[in-house]
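The values are calculated or read from the model by the stated rules, or taken from the named source; none is laboratory data. Note that this is a predicted model, so its numbers are computed, not measured. In this analysis, Cβ positions are derived from the backbone assuming ideal geometry, glycine residues included, and neighbour counts consider all displayed protein chains.
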């Protein structure tokens with residue numbers, strides 16, 4: 001199947017009373033590119049990925065980024081949501097501080113992946129947790145996902161399978177305390193909220209995007 005043009009659907013202008021779904025990302029590329037796919041699918045929701053700046057990606061820096069974006073957008077609606085999409089790696093102590101900060105905001109939530117965002121991408125094509133070695137290492141997941149999906153995960157159209165990923169990730173989710181175990185991700189919680197807002201509009205355009213082709 002030929003590769004479609006980037007965003008091969010007409011992006012919709014947000015209504016004046018549309019509310020914000022702000023996604024504060026630890027990464028500069030992979031995560032923002034993924035969530036950018038969903039902006040413009042629905043006129044009722046403005047999806048706003050916030051990428052890290054100049055590699056400054058600590059959880060405490062993400063709090064600063066979130067506050068700055070809320071001020072920039074004049075974010076005041078009680079319908080607006082702020083999600084922090086983070087990995088489990090060198091920031092364990094600061095992740096705890098981030099979660100404490102989120103408790104002070106009724107609309108702030110955390111979607112943590114262990115060890116990295118590629119766990120979420122994996123569940124777009126697989127229904128069970130993998131069995132490869134070192135599930136707790138990002139260096140294991142990144143090449144695995146690239147090898148598994150022919151041509152690698154493409155943020156221009158593969159995010160259309162977010163509903164499948166949500167089911168798979170939720171079915172394989174385990175945690176200790178509030179932390180996902182290796183091979184688990186909390187991004188399905190964010191995805192459930194996003195799907196509840198844009199799901200009907202997404203279904204209308206899903207047939208324009210090819211399914212990820214999987215190498216077994």
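Among all positions in the stretch 5-21, there is at least one residue which is at pLDDT 90 or above and surrounded by 18 or more Cβ atoms within 10 Å (Cβ to Cβ). Within the stretch 163-179, the set of residues being within 24 Å of residue 99 (Cβ to Cβ), at pLDDT 95 or above and in contact with a helix residue (DSSP H, G or I) (Cβ under 8 Å, 6 or more places away or on another chain) comprises 165, 166, 169, 170, 173. Just to verify a result, which residue in the stretch 45-80, among those that are buried (at least 19 other Cβ atoms within 10 Å of the Cβ) and touching a residue at least 60 places away in the same chain (Cβ under 8 Å), is farthest from the chain's Cα centre (by Cα)? In this case the residue turns out to be 45. Taking the criterion of being surrounded by 13 or more Cβ atoms within 10 Å (Cβ to Cβ) and assigned to a loop (DSSP other than H, G, I, E, B), the residues of the stretch 81-92 that qualify are 88, 89, 91. Counting only residues that are in contact with a strand residue (DSSP E or B) (Cβ under 8 Å, 6 or more places away or on another chain) and more than 16 Å from residue 116 (Cα to Cα), which one in the stretch 149-175 is surrounded by the fewest Cβ atoms within 10 Å (Cβ to Cβ)? Selected residue: 150. Looking only at residues that are without any contact (Cβ under 8 Å) to a residue 40 or more places away in the chain and surrounded by 11 or more Cβ atoms within 10 Å (Cβ to Cβ) in the stretch 133-142, which one is farthest from residue 34 (Cα to Cα)? Looking at the filtered set, the residue picked out is 134. Among the residues of the stretch 175-200, write down those that are part of a loop (DSSP other than H, G, I, E, B) and under 21 Å from residue 139 (Cα atoms). Those that are part of a loop (DSSP other than H, G, I, E, B) and under 21 Å from residue 139 (Cα atoms): 181, 182, 183, 186.
Consider the stretch 106-122 and keep the residues that are without any contact (Cβ under 8 Å) to a residue 40 or more places away in the chain and in contact with a strand residue (DSSP E or B) (Cβ under 7 Å, 6 or more places away or on another chain). The one that is surrounded by the most Cβ atoms within 10 Å (Cβ to Cβ) is 116. Only one entry of 130, 212 meets the criterion of being assigned to a loop (DSSP other than H, G, I, E, B), touching a helix residue (DSSP H, G or I) at 6+ places or on another chain (Cβ under 6 Å) and more than 15 Å from residue 35 (Cα to Cα), and that entry is 212. Summed over the stretch 93-112, the residues that are more than 14 Å from residue 57 (Cβ to Cβ) and outside any loop (DSSP other than H, G, I, E, B) give a count of 11. Of the residues making up the stretch 47-73, those that are modelled with pLDDT of 85 or more and more than 24 Å from residue 185 (Cα to Cα) number 7. Confirm whether residue 196 is at pLDDT 95 or above and under 26 Å from residue 20 (Cβ atoms). Yes: the conditions hold for residue 196.
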